[in-house]
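Asks: Structure provided below as structure tokens; questions to follow.
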Amino acid sequence: LAFFLSFVRFFSPISPPFLFQDGGGWCYDEQDCYTRSFTFLGSSGAWPARKPPPGPIFSADSDVNPDFHNWNVVEIAYCDGASFSGNLDDYIVVNNKRIYFRGYRILEYVMRHLLDTKGLQGATDVLLGGCSAGGIATILHADYMRTFLDERVNVKAVPFSGFFPDTSNFEGQNWFHDVVTSVYKMQNVSGSMSTSCLAENQGRESDCFFAQNAYKYINTVPIFLVNSVYDSWTIQNIYNVTKWFPKNQLDRLVPFLNSKAKLVYNLITKTKTWQSEGNGGFLNTCVSHCYGCCNPTGWNQVEINGTTVKDAVGNWFFERSNADIKSPPPCQFSTSPPYQCNPTCQT
């Protein structure tokens with residue numbers, strides 16, 4: 001099955017499970033998915049027998065990871081190209097090869113396998129997480145994953161770099177909206193979305209596949225977003241700001257990025273989900289992606305009001321008194337060097 005188990009212990013109160021969904025982008029059309037099917041992001045045939053956890057949040061060293069060093073890490077490997085959301089009964093044929101879009105069913109079978117053979121039913125605490133495509137998968141499917149567990153289990157979710165805004169690029173075009181809508185239809189994603197979201201968005205059901213909409217409907221799992229409002233993947237791909245950015249437009253760039261950063265912050269914090277007790281986030285300004293979970297500097301050195309990601313996630317999960325789990329409005333870039341307004345960001 002599609003996961004790597006980092007420790008040999010069965011899940012228990014002293015070794016709880018951290019279920020982490022891998023990322024790796026999406027495939028955007030049938031030909032793209034066909035090409036992807038020959039890689040480790042499209043087929044388990046290319047996976048290694050063992051795979052070390054990819055960052056400090058998974059470390060068994062208590063100095064590096066004081067709150068979660070003794071947890072069992074289940075790294076749910078990623079190969080469906082749609083954030084574990086594909087739910088198509090039939091396969092498609094591309095260049096005489098069968099392609100399956102069944103990531104949502106992979107997620108179901110992983111959960112059942114962990115319950116049946118790995119002692120997941122004995123866990124008292126469960127942390128759900130993921131980064132990038134796995135981060136948005138966590139937003140999309142946290143409530144679904146929670147349904148497999150007893151109501152007495154303490155289940156929480158921490159998506160990293162999974163909040164991709166439905167917005168226009170620098171040229172005023174909303175390329176990303178069309179792509180998400182196309183993937184939604186191609187992979188029959190409707191069968192894996194929040195039923196409440198679908199009911200309230202009739203005629204535009206594919207909107208539920210966007211993080212900013214799915215986030216609003218999370219209602220059974222406390223959630224803590226670790227996300228940059230200047231996310232580097234978003235800047236390059238959704239905003240189309242790359243190394244080929246026209247030099248004669250540079251005077252407009254920082255104001256544009258600042259306006260988008262404010263948009264992302266508002267899309268998150270103006271919701272009932274963010275404002276609900278037990279939910280929060282670490283919304284920073286580092287130009288980075290998956291920096292919080294999977295880079296030592298992002299985990300242990302980037303600060304907001306003197307608190308690192310490492311401390312913020314632990315404070316939130318363990319409900320430590322006097323801990324502020326909702327980060328304040330982030331600073332904004334300046335129009336002159338060094339541009340970055342948070343000196344602890346090293347990106």
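The values are calculated or read from the model by the stated rules, or taken from the named source; none is laboratory data. As the structure is a computational prediction, the values presented were derived from the model and not from experiment. Every residue, glycine among them, receives a Cβ derived from its backbone with ideal geometry; neighbour counts consider all protein chains shown. Side chains are part of the model used for accessible areas, which takes the heavy atoms of the whole protein and leaves out ligands, DNA and RNA. Shrake-Rupley method; radii C 1.70, N 1.55, O 1.52, S 1.80 Å.
Asks: Suppose we filter region 257-289 for residues that are charged (D, E, K, R) and free of Cβ contacts under 8 Å to residues at least 12 places away in the same chain; how many remain?
Replies: Residues flagged as charged (D, E, K, R) and free of Cβ contacts under 8 Å to residues at least 12 places away in the same chain within region 257-289 amount to 2.
Asks: For the list (1) without any contact (Cβ under 8 Å) to a residue 40 or more places away in the chain; (2) under 14 Å from Val226 (Cα atoms), I need the number of the one condition that Ser321 fails.
Replies: The number of the failed condition is (2).
Asks: Continuing with the same structure: Pick from region 1-24 the residues that are in contact with a helix residue (DSSP H, G or I) (Cβ under 6 Å, 6 or more places away or on another chain), in a loop (DSSP other than H, G, I, E, B) and modelled with pLDDT of 80 or more: which of them is surrounded by the most Cβ atoms within 10 Å (Cβ to Cβ)?
Replies: Top of the filtered list is Gly23.
Asks: Sticking with this one: Of all residues in region 121-139, count the ones that are over 8 Å from the mean Cα position of the chain (by Cα), β-branched (Val, Ile, Thr) and open to solvent by less than 10 Å² (accessible area, probe 1.4 Å).
Replies: 1
Asks: How many residues are open to solvent by less than 50 Å² (accessible area, probe 1.4 Å) and either polar (S, T, N, Q) or not in a loop (DSSP other than H, G, I, E, B) (or both) when one looks only at region 27-50?
Replies: Looking only at that region, the number is 5.
Asks: Hey, among Asp324, Asp311, which residue is within 24 Å of Pro66 (Cβ to Cβ), among the acidic types (Asp, Glu), modelled with pLDDT under 95 and surrounded by 12 or more Cβ atoms within 10 Å (Cβ to Cβ)?
Replies: Answer to the selection: Asp324.
Asks: Here's a follow-up. Val254 passes all but one of (1) part of a loop (DSSP other than H, G, I, E, B); (2) touching a residue at least 60 places away in the same chain (Cβ under 8 Å); (3) farther than 24 Å from Phe20 by Cβ; which number fails?
Replies: For Val254, the failing item is (1).
Asks: Give the number of residues within region 98-119 that are open to solvent by 60 Å² or more (accessible area, probe 1.4 Å), under 14 Å from Tyr34 (Cα atoms) and not in a loop (DSSP other than H, G, I, E, B).
Replies: The number of residues fulfilling the criteria is 1.
Asks: Restricting attention to region 282-292, does a residue exist that is open to solvent by 30 Å² or more (accessible area, probe 1.4 Å), more than 19 Å from Gly134 (Cβ to Cβ) and not in a helix (DSSP H, G or I)?
Replies: Yes, the conditions are met somewhere in region 282-292.
Asks: Can you spot a residue in region 221-239 that is aromatic (Phe, Trp, Tyr), assigned to a helix (DSSP H, G or I), open to solvent by 60 Å² or more (accessible area, probe 1.4 Å) and within 20 Å of Leu140 (Cβ to Cβ)?
Replies: Yes, the conditions are met somewhere in region 221-239.
Asks: Pick from region 142-160 the residues that are among the acidic types (Asp, Glu) and over 23 Å from Ile57 (Cα atoms): which of them is surrounded by the fewest Cβ atoms within 10 Å (Cβ to Cβ)?
Replies: Only one residue tops the list, namely Glu151.
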